[in-house]
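A short worksheet on the structure shown next.
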Amino acid sequence: MRAALHLEDLWKCVTGEVTDETKNMKARSPILLAKEPHIYIHIEDAATAKDAWNNLAHTFEDARQNNRIALMRALTDTRLDKGQSMEEYVYQIISYSNRLNAVKLKVDDEWIGTFLLADLTPEYDPLIMSITSSDKPLSGDEIKMKLLLEYSMKNNNVKKTRDDNVAMSSKSQNKNKNARDQKTKNCFNCNKPGHFSRDCRLPKTDATIRIQQKRKHQEKAFLAFFTTHAMDPDAWYVDSCASAHVTHREDWLDDVSSTSDSKIVLTDNTKIESN
């Protein structure tokens with residue numbers, strides 16, 4: 001509004017330097033027309049542009065004062081509640097401070113730092129003590145960064161403790177499960193509960209030996225299967241305990257002799273035939 005009146009060379013009517021009635025009416029009209037209805041009632045009876053401007057200034061000053069009171073109350077009532085994030089708390093303090101500065105109530109950097117420390121939860125008392133007892137005063141921004149760092153470290157410690165507890169609980173459950181299995185299942189060797197066959201102190205029975213031999217046989221059979229099914233044309237396929245070693249590349253051999261025996265015996269006595 002001020003810029004518009006300057007543009008039309010009417011601002012001197014507001015300051016009272018020009019008393020010409022025609023110019024006064026011309027300057028008064030945009031002031032009246034530019035305001036909302038609830039503001040208009042405060043300036044509609046103004047006789048001159050100067051009166052209208054002064055009434056407007058008083059109205060906004062009253063509103064500004066009420067706004068200051070509300071913002072100051074909000075700032076002083078702001079505290080870090082249990083479970084609230086530090087980011088949210090810091091944002092509220094700085095936001096209210098900036099809004100107070102906007103209505104001409106100065107909240108400087110030192111006051112921002114004071115408000116940040118004023119209403120923290122008791123767990124931050126050691127940090128407050130270290131900051132307030134320091135020989136070098138910290139700025140509001142430095143205090144903000146310390147609070148955010150402390151909050152982040154506390155959160156990480158809580159998460160680590162929670163993860164450790166979960167891991168310990170899982171380990172304990174597995175240990176208890178193994179103990180229950182030992183109590184409820186019988187040993188394959190002696191047929192008694194309380195231990196597994198691998199831990200049995202009695203001599204191995206025929207059944208246990210057969211189980212172990214079967215397991216080894218399965219492992220060897222898998223190795224033989226894997227060897228006979230390999231498809232790399234440049235590789236040697238060798239079973240060190242077999243009765244013969246086979247390759248498809250005759251040019252790799254010296255002193256080649258043929259045989260009519262088409263059977264190859266593997267280490268577990270399995271026989272395979274060549275085509």
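Only the coordinates and a few stated rules stand behind these numbers; no lab work does. Just so you know, these numbers come straight off a predicted model, no measurement behind them. Note that we place each Cβ from the backbone using ideal geometry, even for glycine, and neighbour counts take in every protein chain shown.
Using a simple spin-label model with pseudo-atoms 7 Å out from Cα toward Cβ, SER130 and ASN66 lie 4.7 nm apart. Which length gain, in nm to one decimal place, applies between LEU148 and ALA3 when the Cα-Cα distance is subtracted from 0.36 nm times their residue separation? Value of the extension gain: 47.8 nm. A simple charge model with +1 on the Cβ of Lys and Arg, -1 on the Cβ of Asp and Glu and nothing else charged puts the dipole of segment 96-148 at about 280 debye relative to its Cα centre.
Note on SER29 and ASN98: with the Förster distance fixed at 45 Å, the Cβ-Cβ geometry gives a FRET efficiency of about 0.80.
For TRP11, neighbours were defined as the other residues whose beta-carbon sits under 9 Å from its Cβ, and their charges (Lys and Arg +1, Asp and Glu -1) total -1.
Among the listed pairs LYS104/LYS144; LYS104/LYS154; LYS185/LYS271; LYS192/LYS271; LYS82/LYS104, those with a Cα-Cα distance over 30 Å are LYS104/LYS154; LYS185/LYS271; LYS192/LYS271; LYS82/LYS104.
Here the residues HIS6, HIS195, ranked from fewest to most Cβ neighbours within 10 Å of their Cβ, fall in the order HIS6, HIS195.
Using the count of nearby Cβ atoms within 10 Å as a rough guide to exposure, how do ASP251, ASP51 rank from fewest to most?
ASP251, ASP51
Between HIS58 and LEU105, the modelled label-to-label distance comes to 2.3 nm, taking each label 7 Å out from Cα in the direction of the beta carbon. Each label point was placed 7 Å from the Cα along the Cα-to-Cβ direction; for LYS185 and THR22 their separation is 11.0 nm. This ranking places TYR124, TYR91 by how few other beta-carbon atoms lie within 10 Å of each, fewest first, which gives TYR91, TYR124.
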